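First up is the structure itself, then whatever we jot down about it.
The values are calculated or read from the model by the stated rules, or taken from the named source; none is laboratory data. This is a predicted model, so every value here is computed, not measured. Counting neighbours? That spans all protein chains shown, and the Cβs are built from the backbone with ideal geometry, glycine included. In case anyone asks, the SASA skips ligands and DNA or RNA and just uses the protein heavy atoms, side chains included. Shrake-Rupley method; radii C 1.70, N 1.55, O 1.52, S 1.80 Å.
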Amino acid sequence: MSKEIATFAGGCFWCMVKPFDQQPGIEEVLSGYTGGHIENPTYQQVCSETTGHLEAVQITFDSKVYSYEKLVELYWTLIDPTDAGGQFYDRGESYTTAIFYHNDEQKRIAEESKARLEQSGKFKKPISVKILPAKPFYAAEDYHQQYYRKNPMHYERYQIGSGRAAFIQKHWGHEHE
C-alpha cells in the first residue's frame, strides 16, 4: 500500500466527507481544522473567525488505487471554486477553499489542475481556491466525524438547503458521483 495524505478545504466539512469516503483506496476521511495559528482549536473557536483555521478534510489514501490527481479532480466537483467568501450558505474565512499540499508533487498536480480548470471556460469568474503548504491538521469533535452516516436526513437537507447540491448538479451533473 502506498499511503498518502491529502487535505482539502471546501466549506462545510460535513459535505466534503461522503464523496471521498466512497472512492476505492480511501482509508480514512477526517473532518477537521487547518491553516490557523492556534493549537487544537474547537469548532466554536474556528467559527468565531479568530483562529485563521479553515474547515477541511484530511484523506488517507492508497495512491496506487486512487491517485492524488483523481482526488483533486473530484474536489473541484464538490465546491464553487469561484467563491472567495465561503461556500454556499456558509460565509467567512473558515468556510473558504484551499488545497493544502504535503509535498512538491501534490503542489504541482494541484497547480496544473487549477490551471486546466481556469482555461476550460467552465466558470466565468476566476478560480479563487488557494494552493497552500500543509499546516498542522486538528481533527474536529467526534460529532462532526462521518456526519453523513450519523445524521443522514439532516445531512441531505443541509446539502440541498445550502445550495451545494443544486450548484454541483448545474455545473457538474453526474461527474462528481
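Odds and ends about this structure:
- For the range 152-176, a residue qualifies if it is free of Cβ contacts under 8 Å to residues at least 12 places away in the same chain and either hydrophobic (A, V, I, L, M, F, W, C) or open to solvent by 60 Å² or more (accessible area, probe 1.4 Å) (or both), and the qualifying residues are 152, 153, 154, 156, 157, 160, 165, 166, 169, 170, 174.
- If you go through the range 130-151 and pick out every residue that is among the aromatic types (Phe, Trp, Tyr), touching a Ser or Thr at 6+ places or on another chain (Cβ under 9 Å) and open to solvent by 70 Å² or more (accessible area, probe 1.4 Å), you end up with 0.
- The range 110-129, subset open to solvent by 20 Å² or more (accessible area, probe 1.4 Å) and touching an Asp or Glu at 6+ places or on another chain (Cβ under 8 Å), residue farthest from residue 7 (Cα to Cα): 126
- Qualifying residue in the range 39-50 (condition: of a type outside the set (S, T, N, Q), open to solvent by 10 Å² or more (accessible area, probe 1.4 Å) and in contact with a Leu (Cβ under 6 Å, 6 or more places away or on another chain)): no
- Neighbours by Cβ (under 9 Å, 6+ apart or cross-chain): first from the range 43-62, within 14 Å of residue 134 (Cα to Cα); second among the aromatic types (Phe, Trp, Tyr) and open to solvent by 10 Å² or more (accessible area, probe 1.4 Å): 53/138; 54/95; 55/14; 55/43; 55/95; 56/137; 58/137
- Some residue of the range 81-100 being in contact (Cβ under 8 Å) with a residue 40 or more places away in the chain, assigned to a loop (DSSP other than H, G, I, E, B), open to solvent by less than 30 Å² (accessible area, probe 1.4 Å) and under 23 Å from residue 22 (Cβ atoms): yes
- Qualifying residue in the range 2-25 (condition: in contact with a Pro (Cβ under 8 Å, 6 or more places away or on another chain), open to solvent by less than 20 Å² (accessible area, probe 1.4 Å), over 18 Å from residue 144 (Cα atoms) and not in a helix (DSSP H, G or I)): no
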